[in-house]
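Single-structure report; data block below.
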4 protein chains.
Amino acid sequence: MIDHQCCLYESMEVQFASAAMLAQRFAYGLPIARRPIGLCADGCRGAAHHAPVPRHAPVARWAQPWNSPHSSLQRRGTHRKVMTKHRSPDERATQILDAARACFMRKGYFATKMDEIARESGLSKGGIYFHFDSKRDIFRSLVEREYNRDMEFIDGVLDAENDIATILIGLGEHFVQQFAATDKPRFTAIIAEMAIRDEEIDEMVQELQESYIGRLASVLERAMDEGQVRRLHATSAATLLKAIIDGIQAGMAVGGSTPDLEKLLETSMEVLTRGLLTDEALG
Amino acid sequence: MIDHQCCLYESMEVQFASAAMLAQRFAYGLPIARRPIGLCADGCRGAAHHAPVPRHAPVARWAQPWNSPHSSLQRRGTHRKVMTKHRSPDERATQILDAARACFMRKGYFATKMDEIARESGLSKGGIYFHFDSKRDIFRSLVEREYNRDMEFIDGVLDAENDIATILIGLGEHFVQQFAATDKPRFTAIIAEMAIRDEEIDEMVQELQESYIGRLASVLERAMDEGQVRRLHATSAATLLKAIIDGIQAGMAVGGSTPDLEKLLETSMEVLTRGLLTDEALG
Amino acid sequence: MIDHQCCLYESMEVQFASAAMLAQRFAYGLPIARRPIGLCADGCRGAAHHAPVPRHAPVARWAQPWNSPHSSLQRRGTHRKVMTKHRSPDERATQILDAARACFMRKGYFATKMDEIARESGLSKGGIYFHFDSKRDIFRSLVEREYNRDMEFIDGVLDAENDIATILIGLGEHFVQQFAATDKPRFTAIIAEMAIRDEEIDEMVQELQESYIGRLASVLERAMDEGQVRRLHATSAATLLKAIIDGIQAGMAVGGSTPDLEKLLETSMEVLTRGLLTDEALG
Amino acid sequence: MIDHQCCLYESMEVQFASAAMLAQRFAYGLPIARRPIGLCADGCRGAAHHAPVPRHAPVARWAQPWNSPHSSLQRRGTHRKVMTKHRSPDERATQILDAARACFMRKGYFATKMDEIARESGLSKGGIYFHFDSKRDIFRSLVEREYNRDMEFIDGVLDAENDIATILIGLGEHFVQQFAATDKPRFTAIIAEMAIRDEEIDEMVQELQESYIGRLASVLERAMDEGQVRRLHATSAATLLKAIIDGIQAGMAVGGSTPDLEKLLETSMEVLTRGLLTDEALG
DNA sequence: AATGAATGAGCTTTCATTCAT
DNA sequence: TATGAATGAAAGCTCATTCAT
């Protein structure tokens, strides 16, 4: 079975060493920041986790069923009941959610069957239903978890008392890392898919979006007040920034298309810092 | 029901009116363009599709299954079949695709049932299957149609011998119009949803994306050579522009979230022109 | 299209040269017959007909449908109406029945679709329904035709004033030829399949069977009276003979199983002549 | 409905009673056998299958298709589901196969609907599909079962160290019993029907046939060596015997046609023993 | 007569959910 | 708590037949 699925998320947390940050600022032609930002400090070992999905041996089919030693009567599994050992509800929920995420990831919501989630989680279908009311419930819980993690991240980034350029770089670096190393873009696409149909999920996504934009806007406003950013409509500028992130993400969700993220980040930074910052801030 | 969704496409033929364009350039602090382009002249033909759905009375069950349900013997004395007028395959295909698009739009691919497409198109299920091989086939044809229309548009816009700022504004205006007036963002989200599962669609989306970026990049490169745009990695810059479009689109696909598109366009233009153009071009 | 399907039946008629017959009698250790039987004299050229089934070019599918020169809207055939030239109802019926027989032969009744019969016959579906009421009707007509031909044959063989041994050899030779050269066994199996379900067909098959047995029995009885055949229950003996024919036929309908018909005939003749004939007749 | 069809198989275990056998041999004018074999002792266990079909009240349509028809939310307050008692896969498979056999028997493969099999077996359609992959799978399993039973029978009969005449009588008695008392001929016809279309079934039937003939041939050869049977092409003679069985069977599959089996057996025995045995064996 | 688009009941199969164990 | 057999309402699709042309 799959273990450490949690790491899929843990691995999102990125450590920005100040050295790297300094180098970036230099590369983008920005004045060197004095206050380094500390992002997501936790012990996750990162991208090394995402092992290939364990493929379960398919149910054996008879090459010559009518000739096989087992008559048709023995074709299905027998009555052995190997029960999984008891665990706390929270552990079980995590276990199920992790399995479900992996499945939704691979196939999307509709193509994922409860049977698969059960198999992937190592529980029985009945077991799943003991912990969750429905498939939809599982998905919603999953989105909620994702939502909370994203919110934590944004809180951490934006509340840091950094200058705007540092924040931009931080954001950029963060997303580049996340997009490159994880399946985040794909999951986002799947969530969007569901948001069309599930009002609750739609609301969550919208709230997350507005929160994102709102906080970005307030940061930008603060920076405008400080003279770092040119006078613009803050919310629109924040929406623009968010759109860039979403857009890159969406682009990466399709096919094998992987842009040169390094170059994309560099170019975007150049364009955005020039477009957003005041001449003074640009140095 | 259907309210002339066909118009959604007609509205794509966007014509940039020179007056509006001049105003915009002025607003964004750009030098005034010499070659005007027109703005969106909606030429909807308001087609008279969607005949009333024929409702047939239910027919009795067959006692002799082996030659039912099609046996003429069983049906003697029953009511007449009310058949939709014969039409050319082309007309019918368009009609079906329009109906299907409306359904997919409302519910997404999976939640849309063939029955609904049939009802919406005013045909029977069998009629649909006479023209298309499967539900998936319908969707693919739909994407193909959308794809062709998008390609036409981009060819039209980018090949025009405009200066880069005009092109940017043209793009911006186009998308703002399209996003505001149509369901394009939602449909794009639904396509993305399917691209995860249908390789063919995935390829189409990817090709469209690459084509978009490629053409944008070549335009940008030309502009760099002319000294209008600062020296940047052209493909990355194009990817950035495309990402912005996609990102705004994605954002609008969820919930009732509609940003102030006017302001967003204005702000984006300011940021991008400043970020992309050379000081001379900014004049 | 398939032509000369009629030959499938024509080819059934077998010419027994007296020379061959003499040789056989000699081989089976029988006294030499004086009255040669003349069977089915018609100019059919026999087995050389059954050309491989013409395969119609499959409807073209796009390798890259969304990229193809023809948009999805042009995918179905256009309105050209190439009408088949008028023919007499009988000719049409024969044409349709021949096509239907070929189809039923290949796939059986249920797996044969009216579309296939239409294609095979070179008519449209509507055209078929002008001449026949239903699929079932076509099948019944087909069985009727087969029935009549079989009846003609048996009348010809049995009414000839031959001694019993000659008749037996005649029957044997006939069926061996027929089984080896045509698809008769398969068609018989398909008829049996339907007889289970269609009372009318069942009755026809039963009548044919009883007629066969009845005539055989009367021939045997005559031979008993003449002292050629041992005293036996005539109907049972006839049933036995019929069963042998049917059984061989049935065995050949499955798989690629083809017994050595020559040897089978020889052995059967030996066993049956010894088992049936009186010592005098055996000479 | 079902009337202990299971008994049909039990009746296959044939035991040739010495008394009957002696009488037969006497009737056919054969020397008396030394090793008696028993006759058909029907040990039917009369299983208590086929619980009453649970009929559920229809449930309202779903407004929100995307999580219907399985959403628990929609079903609050409805009646309880009445579920059939859990059983082991083996028991259920047998139960389903028995029901399926009865249905196929009545209507043939194509005319039998999964609904009927479900109803007949007392399970729901879903329940059937839990145990079998498809309708075809059910049929194949059924043929497999029949195949195995037939093989067992032939092994039992032929391996017995009886003289050839006893074996012939044994076979004859067996089939007469089986043909008279069961639906075997009809089922065989239905299997033949499918063999035309299903390669796997075709192979099974062919293998069964070849096996039958092969074993019969070896028995005959042994008898030839012992001087009981005249020198003949053993395989052809075996094919002849098999053809007789199949032919009688086929004849009985149609309509209400039932020959006088007693007489048929007697006559056939006379003809065959005379035709096959040496003068010494005939005594 | 002939065409072929259109019909629609019914089919097999799926799968979220339930419940006896 | 957990299991997995059982449920049953659809869903996508088929195809004999009809009928406007």
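For peptide A:222-230, the mean count of partner chain Cβ atoms within 10 Å of a residue's Cβ comes to 0.
Distances between copies at D:GLU262, taken between label points 7 Å from Cα along the C-beta direction, are 4.5, 9.9, 10.6 nm in increasing order.
Which pairs in the list C:LYS242/D:LYS184; A:LYS107/A:LYS135; A:LYS107/A:LYS184; B:LYS242/B:LYS263; C:LYS184/D:LYS135; C:LYS263/D:LYS242 are over 25 Å apart, alpha-carbon to alpha-carbon? Listed pairs above 25 Å: C:LYS184/D:LYS135. Measuring max minus min along each principal axis, the C-alpha atoms of the range C:133-282 give extents of 56, 31, 22 Å (largest first). Report, in whole Å, the centroid distance computed from the Cα atoms of the range C:202-231 and the range D:152-172. Value for the Cα centre distance between the two parts: 30 Å.
Note on B:GLU280 and D:ARG106: the model spin-label points, each 7 Å out from Cα along the C-beta direction, lie 9.1 nm apart.
Taken along the Cα-to-beta-carbon direction at a fixed 7 Å, the label points for D:LYS85 and C:THR258 span 5.7 nm. Which one of A:ILE201, A:LEU240, A:GLN178 is farthest out on the positive end of the charge dipole of the range A:152-283, using unit charges on Cβ (Lys, Arg +1; Asp, Glu -1) and the Cα centre as origin? Of A:ILE201, A:LEU240, A:GLN178, it is A:LEU240. What you get for the range A:134-186, charging only the Cβ of Lys and Arg (+1) and of Asp and Glu (-1), is a dipole of about 540 debye around the Cα centre. Taking amide H positions as modeled 1.01 Å from N, with prolines and chain starts lacking one, the residues under 5 Å from B:LEU277 and 5 or more places away or on another chain are B:ARG230. Based on Cα contacts under 8 Å between residues 6+ apart, the range A:133-282 shows a relative contact order of 29 percent. Label points for C:GLU144 are taken 7 Å from Cα along Cα→Cβ. From this copy to the others they lie 4.5, 4.6, 7.3 nm apart, shortest first. For the peptides A:133-144, B:228-239, the ranking by mean Cβ contacts within 10 Å, running from highest to lowest, is B:228-239, A:133-144. Inter-copy label distances at B:ARG231, using a point 7 Å along Cα-to-Cβ, come to 3.5, 10.5, 12.3 nm with the shortest given first. For the range A:150-283, a simple Cβ point-charge model (Lys and Arg +1, Asp and Glu -1, everything else neutral) yields a dipole of about 500 debye relative to the Cα centre.
Straight-distance candidates among the aspartates and glutamates for linking to A:LYS125, with alpha-carbon spacing under 14 Å and chain neighbours fewer than 8 residues away dropped: A:ASP115, A:GLU116, A:ASP133.
A simple spin-label model places pseudo-atoms 7 Å from Cα toward Cβ; at D:PHE130 and A:GLU207 they are separated by 3.9 nm.
Only the coordinates and a few stated rules stand behind these numbers; no lab work does. These figures come from a predicted structure and were not determined experimentally. No Cβ is skipped: glycine too gets one built from the backbone with ideal geometry, and neighbour counts run over all protein chains shown.
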